[in-house]
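**Q** Following this message is one structure expressed as structure tokens.
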Amino acid sequence: MSGKYEIVIGLEIHAELKTERKMFCGCLNNPDEKEPNKNVCPVCLAYPGTLPAANKKAVEEIIKIGIALKGEILPTAIFSRKNYFYPDLPKGYQITSQPNPFVLGGFIEIGDRKIEIDHIHLEEDTGTLAHRKDYSLVDFNRAGVPLMELVTKPCIESGFEARKFCEELQLILQYLEVSEANMEKGEMRCEVNISIREEGEKKFGTKVEIKNLNSFRAVEKSVEYEIERQKKVLEEGKRVIQETRGWDENKGETFSQREKEEAHDYRYFPEPDLPVFLTGDFELGRIKLGLPELPAGKRERLRREYNLIEEQTEILVNDKKLANFFEAAASELQVENTSVGYKTLYNYLVSDLIGLMNTKGVSFSELKITPENFVDLVSMIESGKIGSRVAKNVLLRMFETGADPKVVIVEEGLEQVSDEGRLRDVVLRVTGGNPNVVEDYKVGKEAGLKFLIGQAMKETRGKGNPEVLKKMFEKEIKKS
């Protein structure tokens, strides 16, 4: 709700499925291919006389998505021809399972609301256009790639909610391993349908579609802008026009592209070269049993098993590889029976290790540090065997070589010194060499004590126990 208006938002989301082959031919499905028109054949280029053959794996994956989203897998699905002309569409029509989809209904929970799904269908992707100053080039590598389209019901109420839905769907697709769903690469594309109507009005307002949104931020911001634009149009006594609009990221506003086509303009009719699909032939029970843990379930389990707060679980859930490393390390805590808690482990992982990985540009697949060795390092820090300054050096050595931290500490003599007898000469030397700082501390300047401890840490090459040094300096200064 916004003022005297009710906001009605629906989403259409496309995601490329990462099958080995394209949807209706044997060409490689390789979204990273740089050479234009390499992964093409007479079928996906629509040469006369060629016939499509559906990719069974793509059909299984669309069914898997439907089961994961609690949708109804319809007993039959029919591919149709969606007729329209565009330069990147080789056949002059697109083969799609709309209007007879594989999946009906379903939902994704966003906060305490269920965002309902209308249907999920399977189709082939189009090619891509490269625009030059006075001409355009067509690359058909993407033409024929299996494409999921998910259409929500018009039940979303804000740009924020639209963004969260898209983010959660991306995570689910990644957890199912059916799509990378990388928006920057065009593997996931979102379109928003927005209308507004007066509160209490049952009839929908005029629908405006925003296309080519390539980031979650663009989804949220374009919806927010469009809501205000339509409200202003109505408040000025004008009529909202049904149209397709684009999003200008730099200006932060939508702009008109063309008047919106109605669905019947596409002239759907059944694809005569493909059979009716009986979804019962795809072993639905096997597919359901093979589903992995999904983001919502993982959030709940991480909170329950590791007593993590919402923000911590969200960071882990949003990065599967990070979550896997954390859980592998957490299992080592149980084996080692250490006093280190899960939250402490999480903090060292997210702050120290991830910080180093980001600085060095290293992913988990390239990381040399094992969860076991990382737990050993954290345990030694928490037990006081090494100090935080030494720990950073040990972590860097582990990062570069994959070495065991225990070995690094022994080889480089880095174990923390807590024996007062071994530290006494250092304390006397530092206090004797800094009489002015000692006097400052005596008159209440706390920074003086920190300076003395810092000097002692330098002399011990970071190996002195700072807590022991603090007590020794306090005792020595009182005597003087």
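**Q** For the pairs LYS38/LYS288; LYS82/LYS298; LYS153/LYS288; LYS458/LYS479, flag any whose C-alpha to C-alpha distance is greater than 29 Å.
**A** Result: LYS38/LYS288; LYS82/LYS298 exceed 29 Å.
**Q** Which Cα, out of CYS155, ILE196, THR128, lies furthest along the positive dipole direction of the stretch 119-207 (beta carbon charges, K/R +1, D/E -1)?
**A** ILE196
**Q** Treat each spin label as a single point 7 Å out from the Cα along the C-beta direction, and report the GLU198 to TYR135 distance in nm.
**A** About 5.6 nm, to one decimal.
**Q** So for each of 427-435, 466-474 I average, over its residues, the number of other beta carbons within 10 Å; can you give me the resulting order with the highest mean first?
**A** The packing order, highest mean first, is 466-474, 427-435.
**Q** Compute, for the chain, the length of the dipole vector about the Cα centre, with Cβ point charges of +1 (Lys, Arg) and -1 (Asp, Glu) only. Units Debye, rounded to 20.
**A** The calculation lands at about 1040 debye.
**Q** Between the stretch 406-480 and the stretch 283-328, how far is it from one alpha carbon centroid to the other, in angstrom?
**A** 45 Å
**Q** Here's something else I'd like to know. Ranked highest first by the average count of other Cβ atoms within 10 Å around their residues, in what order do 211-223, 450-462, 44-56 fall?
**A** In descending order of packing, they fall as 211-223, 450-462, 44-56.
**Q** How far, in nm, would the chain grow between ILE309 and LYS368 when pulled straight, counting 0.36 nm per residue and subtracting the alpha carbon separation?
**A** 18.4 nm
**Q** Something else now. Which residues' amide hydrogens lie under 5 Å from the amide hydrogen of GLU180, considering only partners 5 or more residues apart or on another chain, with H built in the peptide plane?
**A** Residues meeting the criterion, in which the H sits 1.01 Å from N, are LYS18.
**Q** To continue, here is another question. Give a quick list of chymotrypsin sites (Phe, Trp or Tyr not before Pro) in the stretch 11-87 that DSSP marks as loop, anything other than H, G, I, E or B, with at most 15 other Cβ atoms within 10 Å. List each step's numbers first, then the result.
**A** Values: sites: PHE24, PHE79, TYR84, PHE85; in loops: PHE24, TYR84, PHE85.
When the chymotrypsin sites (Phe, Trp or Tyr not before Pro) of the stretch 11-87 are filtered for loop state and at most 15 Cβ neighbours within 10 Å, TYR84, PHE85 remain.
**Q** Starting from the Cα of ASN214, step 7 Å toward the Cβ, then list every residue of the stretch 116-154 with an amide N under 12 Å from that point.
**A** 129-131
**Q** ILE110's amide H: which non-local residues (gap 5+, or another chain) put their own amide H closer than 5 Å, with H modeled 1.01 Å from N in plane and none for Pro or chain starts?
**A** ILE115
**Q** Sorted from largest down, what three extents in whole angstroms do the Cα atoms of the stretch 295-412 have along their principal axes?
**A** 45, 32, 21
**Q** At 222 nm, what value in deg cm²/dmol follows for the chain if DSSP H runs of at least 4 each add -39500 (n - 2.57) and the sum is divided by all its residues, to the nearest 500?
**A** That comes out to -12500 deg cm²/dmol.
**Q** Now a separate question. For ASN100, which sequence-distant residues (separation of 5 or more, or a different chain) have an amide H within less than 5 Å of its own amide H, given hydrogens modelled in the peptide plane?
**A** ILE78
**Q** If you keep only loop residues by DSSP, which GluC sites (Glu not before Pro) in the stretch 1-80 have at most 12 other Cβ atoms within 10 Å of their Cβ?
**A** The qualifying sites are GLU20.
**Q** What order, most packed first, do the peptides 106-115, 320-329 have when packing is the mean number of other Cβ atoms within 10 Å of each residue?
**A** 320-329, 106-115
**Q** For the stretch 420-479, what is the charge dipole size about the Cα centre, in debye to the nearest 20, if Lys and Arg each add +1 at the Cβ and Asp and Glu each add -1 at the Cβ?
**A** Result for the stretch 420-479 is approximately 140 debye, rounded to the nearest 20.
**Q** Something else now. Using the Cα centre of the stretch 325-480 as the reference point, and only Cβ charges (+1 on K/R, -1 on D/E), how large is the resulting charge dipole? Debye, rounded to the nearest 20.
**A** Its charge dipole is roughly 780 debye.
**Q** Moving to a separate point now. Using the number of other C-beta atoms within 10 angstrom as an exposure proxy, rank SER97, SER388 with the fewest first.
**A** SER388, SER97
**Q** Using the Karplus curve 6.51 cos²θ - 1.76 cosθ + 1.60 with θ = phi - 60°, what ³J(HN,Hα) values do you get for each residue of the stretch 100-113, in whole Hz, with x for Gly and Pro?
**A** Coupling constants for the stretch 100-113: 10, x, 7, 10, 10, x, x, 6, 10, 7, 10, x, 9, 10 Hz.
**Q** Another one. Rounded if a/c is under 1.5, else prolate if a/b is larger than b/c, else oblate: which is the stretch 216-333, with a ≥ b ≥ c the root eigenvalues of its Cα gyration tensor?
**A** It comes out oblate by the Cα gyration axes.
**Q** To make sure I understand, if each residue's beta carbon is the centre and we count other beta carbons within 10 Å, what order do GLU167, GLU293, GLU161 fall in, fewest to most?
**A** GLU293, GLU167, GLU161
**Q** While we're on this one: Cα convex hull of the stretch 5-288: how many Å³ per residue?
**A** Cα convex hull per residue, to the nearest whole number: 145 Å³.
Bear in mind that the values in this text are calculations on the coordinates, not laboratory data. Predicted model, so just to flag it, every value in this text is computed and none were measured. Methodologically, a virtual Cβ is constructed for each residue, glycine included, from the backbone with ideal geometry; neighbour enumeration extends over all protein chains shown.
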